[in-house]
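*Asks:* After the structure tokens below, expect a handful of questions from me.
The values are calculated or read from the model by the stated rules, or taken from the named source; none is laboratory data. A quick note: this is a predicted structure, and the numbers were derived from the prediction, not measured. All Cβ positions, even for glycine, are placed from backbone atoms using ideal geometry, and neighbour counts span all protein chains on display.
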Amino acid sequence: MLRESWVIYALGSAFFAALTAIFGKVGVQGLNSNQATLIRTVVILAVIAGIVSLRDEWQKLDLISARSWLFLVLSGIATGLSWLCYYRALQLGPVSKVAPIDKLSVALVIVLGILFLGEKLTWAVALGGSLILLGSIVIIAF
């Protein structure tokens, strides 16, 4: 199972998301959370542009379908709003509660994946999503 490349990348995502929470909590102290999000976004843009350039992965923009453009723009808007909320929450609350509550997105994406993408709900996915939901409720309540 761990040999599948998507699992390795997903674990990398989790690891870097954890670092994001810790670094973000420290970085947002004494700074407007929206400005902190802007700084983070500029850094991300520079890093990703550098990676695409180094790997020579640039594509002509007119070759990207209108559908891809639409959903990438919508994803970008959702990401930006998520980051603005996340950094404000980090500024106001403890990272040990903010980050796990933020991961409610995992349970939400399971439901949205079923509703909009036609993904199948397995017992393992249902159980895992339910445990994430339960964990978030415990964190919020106590």
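*Asks:* What are the pairs, 6+ residues apart or on separate chains, where a residue within segment 51-64 that is among the charged types (D, E, K, R) has its Cβ under 9 Å from a residue that is not in a loop (DSSP other than H, G, I, E, B)?
*Replies:* Glu57/Ile51
*Asks:* Taking the conditions exactly as written (surrounded by 10 or more Cβ atoms within 10 Å (Cβ to Cβ), over 15 Å from the mean Cα position of the chain (by Cα) and either within 18 Å of Ala18 (Cα to Cα) or in the same structural domain as Leu19 (by TED's automatic domain parsing) (or both)), does Ala36 satisfy them or not?
*Replies:* Yes, satisfied.
*Asks:* Checking the structure you have, find out if any residue of segment 14-27 is farther than 25 Å from Gln59 by Cβ, hydrophobic (A, V, I, L, M, F, W, C), assigned by TED's automatic domain parsing to the domain that holds Tyr86 and not in a helix (DSSP H, G or I).
*Replies:* No, every residue in segment 14-27 fails to be farther than 25 Å from Gln59 by Cβ, hydrophobic (A, V, I, L, M, F, W, C), assigned by TED's automatic domain parsing to the domain that holds Tyr86 and not in a helix (DSSP H, G or I).
*Asks:* Same structure again: Can you tell me which residue in segment 103-118 is nearest to Ile22 (Cα to Cα), limited to those that are assigned to a helix (DSSP H, G or I) and touching a residue at least 24 places away in the same chain (Cβ under 8 Å)?
*Replies:* Across segment 103-118, the extreme among qualifying residues is Leu104.
*Asks:* Would you pick out the residues in segment 65-90 that are without any contact (Cβ under 8 Å) to a residue 40 or more places away in the chain and either under 18 Å from Leu19 (Cβ atoms) or not in a helix (DSSP H, G or I) (or both)?
*Replies:* Within segment 65-90, Ser65, Thr79, Ser82, Ala89 meet the criteria.
*Asks:* In addition: Please find, among Ile22, Ile8, Ile44, the residue that is under 15 Å from the mean Cα position of the chain (by Cα), surrounded by 10 or more Cβ atoms within 10 Å (Cβ to Cβ) and modelled with pLDDT under 95. Reasoning before the result, please.
*Replies:* On the way: Ile8 fails: under 15 Å from the mean Cα position of the chain (by Cα); Ile44 fails: modelled with pLDDT under 95.
Exactly one residue qualifies, and that residue is Ile22.
*Asks:* With exposed (fewer than 10 other Cβ atoms within 10 Å of the Cβ) and of a type in the set (Phe, Trp, Tyr) as the only criterion, which of Trp58, Trp69 stands out?
*Replies:* Trp58
*Asks:* Is it the case that Trp83 is touching a helix residue (DSSP H, G or I) at 6+ places or on another chain (Cβ under 9 Å), of a type outside the set (S, T, N, Q) and either closer than 20 Å to Lys25 by Cβ or exposed (fewer than 11 other Cβ atoms within 10 Å of the Cβ) (or both)? Break it down into steps so the answer makes sense when it comes.
*Replies:* Values: touching a helix residue (DSSP H, G or I) at 6+ places or on another chain (Cβ under 9 Å): yes; of a type outside the set (S, T, N, Q): yes; either closer than 20 Å to Lys25 by Cβ or exposed (fewer than 11 other Cβ atoms within 10 Å of the Cβ) (or both): yes.
Yes; evaluated as a whole, the condition is true for this residue.
*Asks:* Are any residues in segment 11-28 in contact (Cβ under 8 Å) with a residue 60 or more places away in the chain and farther than 21 Å from Arg88 by Cα, and if so, which ones?
*Replies:* Once the filter is applied, which keeps residues that are in contact (Cβ under 8 Å) with a residue 60 or more places away in the chain and farther than 21 Å from Arg88 by Cα, segment 11-28 yields nothing.
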